[in-house]
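Here's the structure we're looking at; comments come further down.
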Amino acid sequence: MLIMPLDSNKEKNVKFNIANTKWAIVGSVNAFFDKYYNEDSEKMMDTFAQHYDKLLQQHEKEDITGLSRLNRLISEFKPALSSVLQPGEEFNGLCEAVSQIFNVILEGVKLQMENKIRRPNEEGPVMPGSDPSVKISYFCTVCEHHFEIPEDMKEQLLNSSEKIELPKHHEKEMEIRIIGGTKVSLAVEKDIESEEEVGTASSILAKLTKFDDIGEYLIVLSVGIDIGSSTSHLVFSRLTLRRERSFLNLSHRFFLHNREIIYEGTIIDTPLLDRYTIDIDAVVKFCEEEYKKAGIETEMVDTGAVIVTGETAKKQNAAEIVRRLSSESGKFVSAAAGPNFESLLGAMGSGVVELSNKNQQTIMNIDVGGGTSNIAIASKGHVHSTSCINVGGRLLGIDKNHMIWRIDEPSEFLMQELNMKYKLGDIIPVEEVRTISREYAKALIEVMRGPAKSEIAKKLMMTDDLDFSIPIDRYSFSGGVAEMIYGNDNVYDDIGKYLAEEIKILMKEFDLPIIEPENKIRATVIGAGAFSLSVSGSTCYFDKSIEFPLENIPVIPINVRKDEFSPKKLKEEVNLAFKKHDMPEGEELVALYFKDPIHRSAHYLLEFAKAIEKALPNSIANNKMIILIFEPDMGGSVGISLRRETTIQNNLICMDELFLDEGDWIDIGAPLYSGQAFPVTVKSLVFNKNE
């Protein structure tokens, strides 16, 4: 298919190097084959290259202009690729990635035809990057910064069909990224009718073989609900997810690209029936009212998280409130509560993680709420370590007359250590309130500066100590008590004001530099709504009869690597993993997680599928749901192989491009984007910890 008529005067003035373009495509295909097909890659590459050349040579006489040859290069790509790959996820993914390279060239062509770029008369190579609107650059996936590529290296990268070792940054090999130009959507474009227009590579490729393209950007509506020790509130966010792409990174995974808060709800005191029981009906009614105020229906919500935090997570009906809100607040709202998870969300929602990346510093964020202080060390855009201690403003409730109306377990312990004997209804002198607050603040500062050493600090700790292998540059505070640390004069019926004052005194005494974060009291709820979400790769496989969400699924890593894979090894490692987690195979719902188990060729996929069937006999016999998760992009291929080659015909989910660890639990939400990606929340659970 030709984009423009051959006799167009504008077309004659378009100049670019067709050979460079061709070798950029060939090089990308070669890198793809090397990554996914290993020992078969050389043979596949030879077959593809020969077929591609043959198809192009058949039209040499009729393709008399550069633009017509470019059109031919695009239109014959799929037929050439079909000589070595069958239509499917990998075929489509490679076509999508290559279309972006073509789009860079087409954008430059379009600008030339619109006289926005004037070319010199002499012939010479014109590569991506020579137009001011489009460039290629090195990209560091650790610090997410672009770096300029020398001109001679650009030419080498585009002209070489062999994989070239790229420079490292932060001890990790960089990638090649396209920057600038127009925002490219890989959705199928409408037919090009006007001779003034230049189409996209996706539109040309899509006309030749129908397949489901996935847009580069995905927009979802997310809710975060925080039921805390002192307060409860929610926030709605519009999340823009972007699929990362480069010449050598053909990922199908979506990553958070932009977050827009569209509604910040009212902050209320968390309703309790008594010391041990949350008033579930009151919380549900509050959330329903907030939905109405925001003008949002429950079915509009795509994803999100309910975070039952601090002392509230220990209430006897914490799990029940999560269940109610999860079922009544949208299609998928994840149940999540846990001290380390809260620390992570507090750091993300406060803006400190992003700030640490921007300033290339290490910042400790302390989210001081009603029942706990959740601590996270953010270093250069990544959360390095998390911890939590029972220090919060609502652990001792006192009214304006200093009458005690609430004493939580940590305060009972602390008053015993201080030889105080107060009970509900007693009047406590302000000096005693300050003494209690000072001890809480001392314990908090102690664990902020190093491991807990005093008996009080050790007793109040909820998690392990922080990892202090990285020096701390700055400190920031979020949470309700942080509002008072930074000067808010609001007074609540608790010791929050006194705790804030004591923290400020000790921070100054130890000369610990403080900065103010973007978000304070709303940090955790913003984190829950915007950062609790992971999204799987888009080459997944699932039985469409499965009802979502799937909640509280333990992740069981399987120690099988592609260099040591065998059916026997797989079965042994699956048995060992179930034994390690004290779980009989086939009785409980679990997710088996594989880092990189096999070489992705037809032979190994078949072997892997049959090995999975043999390794899970009880799951199959009991018709138990089988959930397989892979770090690399291979979920769709494995799912298809299992369906075709084994007795596993239903209750199957295969997902990929997720990064999980031992001890993780996940929730899997209803599929997004017509079933091509899944929202996943990775979490830890501490409901009823004391029980």
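Values in this text are rule-based calculations from the coordinates and carry no lab data. None of the values given here were measured: they were computed from a predicted structure. Methodologically, a virtual Cβ is constructed for each residue, glycine included, from the backbone with ideal geometry; neighbour enumeration extends over all protein chains shown.
Rounded to the nearest 20 debye, the dipole size of the range 352-517 about its Cα centre is 180 debye, using +1 on the Cβ of Lys and Arg and -1 on the Cβ of Asp and Glu. Over the range 342-405, the pair-distance histogram of Cα-Cα distances with 5 Å bins from zero comes to 4, 21, 23, 16, 11, 9, 7, 5, 4, 1 percent, rounded to whole numbers. Out of all DSSP beta bridges with both ends in the range 352-517, state the antiparallel percent to the nearest 5. Given both bridge residues lie in the range 352-517, the antiparallel proportion sits at roughly 75 percent. Maximal additional length on extending the residue 416-residue 508 stretch stands at 30.3 nm, based on 0.36 nm per residue less the C-alpha distance. Restricting the calculation to Cα atoms, the range 579-622 yields a radius of gyration followed by a Dmax of 12.3, 34 Å. About its Cα centre, the range 471-543 has a charge dipole of approximately 160 debye under the convention of +1 per Lys or Arg Cβ and -1 per Asp or Glu Cβ, with nothing else charged. Taken over the range 352-517, the convex hull of the Cα atoms encloses 97 Å³ per residue. Distance from the Cα centroid of the range 375-417 to that of the range 260-316 is 21 Å (rounded to whole angstrom).
Put in line by how crowded their Cβ is, counting other Cβ atoms within 10 Å and starting with the fewest, 69, 449 read 449, 69. Checking the cross-link pairs 562/614; 358/458; 380/520; 314/520; 571/624 against a 29 Å limit on the alpha carbon distance flags 358/458 as lying beyond it. Sorted fewest first by neighbouring Cβ atoms within 10 angstrom, 405, 665, 23 come out as 405, 23, 665. Using +1 at the C-beta of Lys and Arg and -1 at the C-beta of Asp and Glu, which of 487, 368, 353 has the Cα lying farthest in the positive direction of the dipole of the range 352-517? Value: 353. Taking the inverse of the mean reciprocal distance over all distinct Cα pairs, the Kirkwood hydrodynamic radius of the range 217-336 comes to 15.3 Å.
Given 0.36 nm per residue, what is the gain on full extension from residue 610 to residue 359 after removing their alpha carbon distance, in nm? Don't skip to the end; give the middle numbers.
On the way: separation 251, 0.36 × 251 = 90.36 nm, distance 5.04 nm.
Length gained, residue 610 through residue 359: 85.3 nm.
Give me 276, 52, 486, 475 sorted ascending by neighbouring Cβ count inside 10 Å, so fewest comes first. Mind dumping the intermediate values first?
On the way: 276 10, 52 21, 486 15, 475 18.
The order, fewest Cβ neighbours first, is 276, 486, 475, 52.
In units of the compact-protein estimate 2.2 N^0.38 Å, the range 541-670 shows a Cα radius of gyration of 0.95.
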